[in-house]
Amino acid sequence: MFKNYFNKFWGMFSEDLGIDLGTSNTLICVRKKGIVLNSPSVVAINNKTKELYAVGEKAKAMIGKTPAHIDAIRPLKNGVIADYEVTEKMLRGFYKEINKGSGKLAGPRVLICVPAGVTQVEKRAVIDISTDAGAREAFLIEEPMAAAIGAGIDVFQPEGNLIVDIGGGTTEIGVISLGGIVKTSSLKVAGDRFDNLITEYIRQEHNLLIGYKTAERLKIEIGAVIPLEEELTCEISGRNLITGLPVNITVTSTEIANALEEAGNQIIEEIKSILEKTPPELSSDIKRTGIYLTGGGALLRGLDKKLSNSLKLNVTVVEDPLNAVINGIAKFLGNFNEYKSILMSPENNY
Ligand code: ADP
Ligand code: MG
């Protein structure tokens, strides 16, 4: 009886962990168990005592609504760790959730996916946070590589593949071949930027002030980058800038497409510039294999069509794009020895 209990307990903690530390969402998987946590990368902190007040979904619900002594913070911004201490508090909060109370990790290996653009100091920081929390060893993997594995691509083939991961803070573009990243680029145009552009558009066109969560809701519910065959609409509330009163308005998907046009073009330009720098043998592979779209931004309506029309390439939105990275990490953990040659060294920068 005691032994059973012990085994269950030990089984939970002794398995390797994988973490997708995204600017919008953090996902954690346990080897052989699958995803055990999927939470917004947000923390609420009591700014007087500096104590953790809430983490994840609870903290995200507080954005824009906190009293003076509580700050709801997203510690990762633009794909980088903007606040080390708060990131540490957040990760410990998540470890606590999966450990049912303890912020300590009892010795597993941890594989963490970081945006390809993070600095050496930040990579060290992510490793230190995990080892401080009790991980025996912490390893890093770049986002485009994890996304490619998650998308089901055989990354060890001598064949070029182009991955575009549109997350919250950054769009990460990577050309992958033979288990390595040949070219990579990180553009600060992604989900957060889309939300800001929508907010700005609604302010200018409707004289209406809306919050971050309303902008994100518009993007998710009716967001598009080209006019849709069947137009979608969504009713939102905000504060009229002239009267100061709260009002409701209806927004269309065509309006969102107008608001996001420039951002879509910036992503296209960045992909073009990577393609221009890609060795010709790999370019001809990509002509055949096309582009794989991952990350939450891949769900924007019409983005695949827009990219494919402008770049004259096939575009595949991978199945379950929000989970592509964590699925890749889970596969990696399931076969650590096969994949370990593609681990990122903390000292290596592209
Ligand atoms: P990160 O890895 O940076 O945390 P994710 O890949 O988790 O980012 O994607 C989060 C982003 O995707 C957020 O900006 C979110 O608003 C956006 N997103 C989620 N679902 C959709 C959707 N259906 N359409 C457009 N954007 C979406
Ligand atoms: Mg991501």
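The values are calculated or read from the model by the stated rules, or taken from the named source; none is laboratory data. Keep in mind the model is a prediction, meaning the values are calculated, not measured. With ideal geometry, Cβ positions are generated from the backbone for all residues, glycine too; neighbour counts draw on all protein chains shown. The protein model used for the area step is the full one, side chains on, heavy atoms only, and it has no ligands, DNA or RNA in it. Shrake-Rupley method; radii C 1.70, N 1.55, O 1.52, S 1.80 Å.
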Meets criteria (among the acidic types (Asp, Glu), surrounded by 15 or more Cβ atoms within 10 Å (Cβ to Cβ) and within 21 Å of Met145 (Cβ to Cβ)) for Asp320:
no
Return yes when Ile210 is of a type in the set (A, V, I, L, M) and either more than 22 Å from Leu300 (Cα to Cα) or in contact with a helix residue (DSSP H, G or I) (Cβ under 6 Å, 6 or more places away or on another chain) (or both) and no when it is not.
yes
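Are there any helices (runs of 4 or more DSSP H) wholly within the range 60-150 with 2 or more residues that are away from ligand 2 (no atom under 16 Å from the Cβ), open to solvent by less than 40 Å² (accessible area, probe 1.4 Å) and free of Cβ contacts under 8 Å to residues at least 60 places away in the same chain, and if so which?
Once the helices (runs of 4 or more DSSP H) in the range 60-150 are filtered for at least 2 residues that are away from ligand 2 (no atom under 16 Å from the Cβ), open to solvent by less than 40 Å² (accessible area, probe 1.4 Å) and free of Cβ contacts under 8 Å to residues at least 60 places away in the same chain, what remains is 84-98, 120-132.
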Among the listed residues Ile291, Ile268, Ile274, identify the single one that is modelled with pLDDT of 95 or more, away from ligand 1 (no atom under 15 Å from the Cβ), open to solvent by less than 40 Å² (accessible area, probe 1.4 Å) and out of contact with any strand residue (DSSP E or B) (no Cβ under 8 Å at 6 or more places or on another chain).
Ile268
Scanning the range 223-241 for residues that are touching a residue at least 60 places away in the same chain (Cβ under 8 Å), out of contact with any Gly (no Cβ under 6 Å at 6 or more places or on another chain) and of a type in the set (Val, Ile, Thr) gives none
Between Glu261, Glu216, Glu221, which is in contact with a strand residue (DSSP E or B) (Cβ under 7 Å, 6 or more places away or on another chain), within 16 Å of ligand 1 (Cβ to nearest atom) and open to solvent by 30 Å² or more (accessible area, probe 1.4 Å)?
Glu221
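Could you check the range 31-58 and list, in sequence order, the residues that are in a loop (DSSP other than H, G, I, E, B) and among the aliphatic types (A, V, I, L, M)?
Val42
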Go through (1) open to solvent by 90 Å² or more (accessible area, probe 1.4 Å); (2) closer than 19 Å to Val164 by Cβ one by one and return the number of the condition Val189 breaks.
(1)
What number of residues within the range 162-186 are away from ligand 2 (no atom under 13 Å from the Cβ) and either open to solvent by 10 Å² or more (accessible area, probe 1.4 Å) or assigned to a loop (DSSP other than H, G, I, E, B) (or both)?
9
